[in-house]
Amino acid sequence: MLGLMQDWPLLVSKFIDHAAVNHPNREIVGLLPEGGKFKYTYADMAKRSKMCAQALERAGIQLGERVGTLAWNSHRHAEIWFGASGMGAVTHTINPRLFPEQLIYIMNHAEDKLLFLDITFVPLVEKIAEHLKTIHTYVIMVGKEHMPETSLEGALSYEEFIGAEDGNYDWPVFDENTACSLCYTSGTTGNPKGVLYSHRSNFLHTLVALAGDTLGIGGQSVILPVVPMFHANAWGIPYAAAGCGAKVAFNGPHHDPETLHQLMMDEEVTVTAAVPTVWLGMLKYLQATGKDVGKLTTVTIGGSAAPRSMIQAFQDDYGVRVNHAWGMTETSPLGSLGSENAAVQNLSKEEKLDIQCKQGRSVLGVEMCIKDDDGNDLPRDGESSGGLYVRGPWVVKEYFKGDAGQILDDNNWFDTGDVACIDEYGYMHITDRAKDVIKSGGEWISSIDLENAAVAHPDVAEAAVIGVFHPKWDERPLLVLVMEEGKTIGLEAMNAHLVKHVAKWWLPDDVQFVDELPHTATGKISKKDLRDQFKDYKLPTA
Ligand code: ADP
């Protein structure tokens, strides 16, 4: 027997409709790529999203066709999210930090028909335009007065593009399983692969993002999503903010601590989200200037592991709760979050900090397990570590166009490629990516734990650990450091610091210094490039 409740397809246009009706005057603020600051309301955003939908229809965009965006976080970018997906097209957010060849590959593979781009990216797209086979319309996300000279054929300004429409538009209603948005993995191994989200998956993900134990935002929150809208949907924040009427402050092209801090203070930001490097920069800025954090209460950190020293400093010195989150493009991205549950409430401060360094508990709707190399389930004892597997309604089923073939096992588990353990309270701890783990004498050394211990040293700016060949142990850790200006350290002094945090047999066999570490397009340390860089290196212990 079926239930007798209304069958209301879960479409993302519902979020902006909800905001327009229930929070019409709530503000959206943003720093613009063409300069200056912009302010309007959800009522404005809703109307202009509809104008965008109308303009896309007029440009001939059909249901299911892909509409690309190469853009920073902005009100216009959010309008495109709602406008393009809302009218039944697929919003394809493209990471501008990828190499030109990857951008060409992705846009052709996605068969983007129309590309919205920020003024910042005009020179980049001009260089690759002749290779883009499917794009028939370029829309530069500025008003007419800021339109640059460009060789992009027939390029329109965004304000002209939508300005011809009236916003009298009813969102079409279609199957909630319809494709909504597309985001490619960064392709550190092989070609990037497309993850094709549905309206239903984005809708359910948003409901869970809004839970108190997840992003914990509501109508009184002011949220600054520093995480880019082209990186795993900015962790779903633009949808979630509209879904609860939170004010949003968009940082546009700015990622430097000074500008972010100014925006945070001016707009009285209460909640933000970003990768650890952004917060490390902010922490240093705060410490150097003696400034405070205003109304900020919560920072969600994910994408890479957040060092303990940073979590502690934010909490002890600034009263800001740090929630560690884990996810991937393939998981929409929220998979786990480190808010405190009742079971750990009475632990000591140090024990709680240990737990905060873990990547958190599964959010409702995502199931997790860890398995050994033979596929056997491992216990949740906080010690047994193995491959992390996830499943749920916003976890990928297959990649776009079937790339990489079948990716789930018989029980629908998706292999994340991460190595983790899960403790008795349900907190999951990522110890490595499977391909980065250091195998020393048959035992595993966590490169992430070593890196976090190293950056806890006040003279260290950034740290990476890779496994290098050792004739006796197969692999031993090599520590690669970027030092703070004018600082140096020797292996012995470094290891004396590290041994306070990790087992003695984990200590690196050597340390090397570089001016800069290689990073991926999503801001992570690129271990692949680092391994290439040190491929001829020989350990002194070998
Ligand atoms: P990409 O792989 O393209 O850089 P993703 O965002 O999809 O982008 O990367 C997902 C991976 O990032 C995860 O599989 C995991 O290895 C890593 N990751 C995400 N969040 C965390 C975290 N909080 N701590 C450690 N690693 C994380």
Margin query: Cβ contacts < 9 Å: first residue more than 14 Å from Thr277 (Cα to Cα), restricted to the range 221-235; second residue away from the ligand (no atom under 13 Å from the Cβ) and of a type in the set (D, E, K, R), any location; separation 6+ or different chain. Result?
Written below: Ser221/Lys247; Val222/Glu27; Val222/Lys247; Val222/Glu267; Val222/Glu268; Val222/Lys295; Ile223/Lys247; Leu224/Glu267
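Going by the structure shown, is Val460 away from the ligand (no atom under 16 Å from the Cβ) and closer than 27 Å to Met328 by Cβ?
Working: away from the ligand (no atom under 16 Å from the Cβ): yes; closer than 27 Å to Met328 by Cβ: no.
No.
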Item checked: Pairs, first in contact (Cβ under 8 Å) with a residue 40 or more places away in the chain in the range 478-506, second in a helix (DSSP H, G or I) and of a type outside the set (A, V, I, L, M, F, W, C), C-beta under 9 Å, six or more apart -> Val480/Gln533; His501/Arg308; His501/Asp449; His501/Asn452; Val502/Asp449; Trp506/Asp449
Item checked: Given (1) more than 26 Å from Leu215 (Cβ to Cβ); (2) more than 16 Å from the ligand (Cβ to nearest atom), number of the condition Tyr425 does not satisfy -> (1)
Item checked: the range 243-271, residues that are among the hydrophobic types (A, V, I, L, M, F, W, C) and over 18 Å from the mean Cα position of the chain (by Cα) -> Cys244, Ala246, Leu263, Met264, Met265, Val269
Check: If you scan the range 379-396, which residues turn out to be in contact (Cβ under 8 Å) with a residue 12 or more places away in the chain and either more than 16 Å from the ligand (Cβ to nearest atom) or in a loop (DSSP other than H, G, I, E, B) (or both)?
Finding: Arg380, Asp381, Gly382, Glu383, Ser384, Ser385, Gly392, Pro393, Trp394, Val395, Val396
Notebook entry, point to check: Of all residues in the range 316-348 being β-branched (Val, Ile, Thr) and within 17 Å of Ala306 (Cα to Cα), which is nearest to the ligand (Cβ to nearest atom)?
Noted result: Val322
Notebook entry, point to check: Within the set of pairs 6 or more residues apart or between chains, which connect a residue that is within 22 Å of Ala43 (Cβ to Cβ) inside the range 159-180 to a residue that is in a helix (DSSP H, G or I) and among the aliphatic types (A, V, I, L, M) with Cβ atoms less than 6 Å apart?
Noted result: Phe161/Ala55; Ile162/Met51; Ile162/Ala55; Glu165/Met51; Glu165/Ala55; Gly167/Met51; Tyr169/Ala53
Check: For the range 486-520, how many residues are more than 21 Å from Pro276 (Cα to Cα) and within 16 Å of the ligand (Cβ to nearest atom)?
Finding: 0
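State whether one or more residues within the range 363-373 are away from the ligand (no atom under 12 Å from the Cβ), among the basic types (Lys, Arg) and under 24 Å from Thr416 (Cβ atoms).
At the first step, the residues of the range 363-373 found to be away from the ligand (no atom under 12 Å from the Cβ) are 363-373.
Within this subset, residues satisfying the condition of being among the basic types (Lys, Arg) are 371.
Now drop any that are not under 24 Å from Thr416 (Cβ atoms), which leaves 371.
Yes, the range 363-373 contains a residue that is away from the ligand (no atom under 12 Å from the Cβ), among the basic types (Lys, Arg) and under 24 Å from Thr416 (Cβ atoms).
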Notebook entry, point to check: Would you pick out the residues in the range 224-241 that are in a helix (DSSP H, G or I), over 12 Å from Trp81 (Cα atoms) and either more than 16 Å from the ligand (Cβ to nearest atom) or of a type in the set (Lys, Arg) (or both)?
Noted result: Ala240, Ala241
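Taken together, the values in this text are just the output of simple stated rules run on the coordinates, not laboratory data. Computed from a predicted structure; not experimentally measured. Quick reminder, even Gly has a Cβ in these numbers, built from the backbone with ideal geometry, and neighbours come from all protein chains shown.
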